[in-house]
Structure formats: C-alpha cells, structure tokens
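Down below is the structure, laid out as structure tokens.
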Amino acid sequence: MSIHERARAHALRLLNNGPGTETLLNEVFEFLAHYRCHLLGNTIVSKGGPVVSGGPFAGMKLVQPATGFFAPMLLGCYEEELHGIVRAIPDAGYEHVINIGCGDGYYAVGIKRLAPSVEIWAHDIDPQQQERCRAMAALNGVDIHVGGAFEPERFATHADRRTLIWCDIEGAEEELLDPVRWPALVDMDVLVELHPTDHGHTRATVPARFASTHEIEIFQSGGHAPEFPEWLREAGQLNLLLAQFEGRGAPTPWAMMRARSKAGAV
C-alpha cells in the first residue's frame with residue numbers, strides 16, 4: 001500500500017469514527033496537513049538533497065528528520081525567531097554551548113559549523129536521537145560531545161567557561177532550570193523554549209527565577225520569510241504555507257536570558 005493509500009485509509013477511518021463534529025474534522029485536517037508536510041519535505045529532498053538551503057545554517061547536511069515537519073529545516077526558516085541569536089553566537093565569546101534536548105543535532109551541529117572554536121555538548125534522553133546527532137555531526141565533519149540525559153550537577157563543571165545553555169525539553173525545563181539549586185546558572189546565558197505542562201505553562205515560572213540575575217527577552221513564533229525554490233513558488237499558496245509549518249499545537253515561546261554578570265552576551 002502506497003503512502004497515499006495509507007493516508008486515505010486513515011483519513012476515512014477518522015471520518016467514520018463518529019458524527020461530523022468540529023473536533024473530528026479538525027483531527028482529520030491536522031492528519032492531512034501532516035501527510036502533506038511529509039510529502040513536501042520528501043520532494044524538497046528529492047530535488048535538492050537533504051541540505052539546508054537558507055538561513056544561518058545554509059549548507060548543513062541533514063539526516064532524514066524523525067518528524068514529518070522537516071521542510072522548514074530544509075528551507076532554513078525553522079524557528080526563524082531565533083536566527084538573530086544564532087548569527088550572533090560566533091562573536092559572543094562563548095567557549096561552551098550545552099544543547100539540552102538536542103534531538104537529531106540541528107542546533108548542536110549548526111552552531112558548531114558557525115563557531116568551530118566553541119565546544120558543544122549535546123544531550124538527549126532518546127538513544128535514537130543521540131545516534132542521529134552523532135550521524136549528523138559526522139556527515140558535516142564536526143566534532144561535538146553527544147550524551148544522554150543531562151544531569152544538572154554538571155552545570156558546575158562548565159562554570160569556569162563562558163557558557164550558553166540551549167534548552168528544549170518539552171516542559172521538563174521547569175525542573176531543570178533552577179538557579180537556587182544549581183547556582184552555576186547565575187553566570188550562564190540561557191536560551192529555553194517554554195512549554196505547556198499538565199499544571200500550567202513554564203513561561204509563567206521559569207523566567208521569573210532568573211529575573212534578578214538576567215536580562216530576559218521573550219521571542220514568539222512568528223511569520224517566516226524563506227527563499228522558496230522556484231518549483232515551490234509555483235506550487236500554490238497552501239503548499240507554501242505548509243512548507244513553513246512546524247506542527248506546533250500550542251504556544252511555545254523562547255526566553256533568552258542573558259546573565260548580567262557576563263557582559264557582551266548575544
């Protein structure tokens with residue numbers, strides 16, 4: 001059965017799962033959007049290879065992403081709200097970057113390509129993602145440290161270096177990023193994605209812990225302005241929109257928290 005036949009069968013199962021409510025139709029729409037995004041990503045790869053075509057990581061080679069929403073990575077417009085921070089890293093004086101929740105290595109490898117003198121520690125709790133991160137590093141000819149779950153006691157081992165924490169751990173940032181328990185964080189810059197949890201949203205808790213020691217800037221996900229390949233520009237407005245879709249079901253703003261004790265942060 002082809003991917004199209006499987007998609008059709010699944011959509012029909014959803015539609016036959018009950019009366020035509022708004023909730024049901026939204027579920028079908030989200031599934032079909034995911035299906036179309038996956039096809040767009042595969043088409044971009046087939047036409048130009050698994051290589052980032054724009055943005056600060058242009059030229060970086062990707063392993064086939066685990067998510068269906070990988071077209072923005074290929075186009076180089078993924079999380080475009082962070083591009084200014086990324087571009088500033090080579091001149092920011094960082095010695096270490098700790099990427100907690102590194103996934104397949106998109107940021108860990110991308111930053112190492114931009115700033116070869118910076119040592120990168122990439123951590124993820126998923127062994128498959130760790131292997132994908134190692135594979136992407138090898139594919140791009142860069143050397144980074146890849147490990148499993150980050151133990152917060154290790155913040156102290158980086159305290160004597162100019163360090164940036166890059167954290168994306170789906171709500172667990174509320175437990176990890178506590179400068180009272182882990183005082184080394186007071187002198188580190190922290191970029192963290194803030195997520196909804198079962199009892200609220202971490203944007204209401206995590207930045208407040210750093211308010212007395214850091215300058216805090218919040219970055220919301222916004223519109224993208226990628227340089228589309230010609231074939232995609234001619235593919236219709238819906239395809240252009242879906243090629244930028246990152247699959248976010250809830251607000252996940254980023255907080256850039258710059259330590260006041262360290263001048264010259266990004």
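Derivation of every value follows stated rules applied to the coordinates shown; laboratory data play no part. Every value quoted in this text rests on a predicted model; they were computed, and no experiment measured them. Note: ideal-geometry Cβ built from the backbone for every residue, glycine included; neighbour counts use all protein chains shown.
Quick notes on this structure:
- Volume per residue that the Cα convex hull of the range 1-155 spans, once the total is divided by residue count, Å³: 147 Å³
- Quotient of C-alpha Rg and 2.2 N^0.38 Å, computed over the range 140-259: 1.32
- Nearest-20 debye value, the range 1-139 charge dipole, Cβ charges on Lys, Arg, Asp, Glu: 580 debye
- Put a plus charge on the Cβ of each Lys and Arg, a minus charge on the Cβ of each Asp and Glu, and nothing anywhere else: the dipole of the range 116-210 about its Cα centre is then about 240 debye.
- Taking the Cα centre of the range 177-266 as reference, the dipole from Cβ charges on Lys and Arg (+1) and Asp and Glu (-1) amounts to some 360 debye.
- In summary, the lysines within cross-link reach of Lys47, defined as a Cα separation below 16 angstrom excluding same-chain residues under 8 places away, comprise Lys61.
- Projecting the alpha carbon convex hull of the chain along each direction and taking the average yields 15.6 nm².
- Mean-square fluctuations from a GNM of the chain, with a 10 angstrom spring cutoff on Cα atoms, peak among Trp166, Trp231, Trp182 at Trp231.
- Computed log₁₀ I(q)/I(0) - Debye formula, equal Cα scatterers, no solvent, the range 89-171, q 0.12 Å⁻¹: -0.30
- Over all distinct Cα-Cα pairs of the range 136-183, the Kirkwood formula returns a hydrodynamic radius of 12.9 Å.
- Directionally averaged projected area (convex hull, Cα atoms, the range 142-211), nm²: 5.4 nm²
- Across all Cα atoms of the range 4-46, the radius of gyration (one decimal) and Dmax (whole number) stand at 12.0, 39 Å.
- Under the Debye formula (equal points on every Cα, no solvent term), log10 I(q)/I(0) of the range 14-98 at q = 0.14, 0.15, 0.19 Å⁻¹: -0.65, -0.70, -0.88
- Distant-in-sequence amide H partners of Asp189 (H built 1.01 Å from N, under 5 Å): Thr163, Ile165, Ala259
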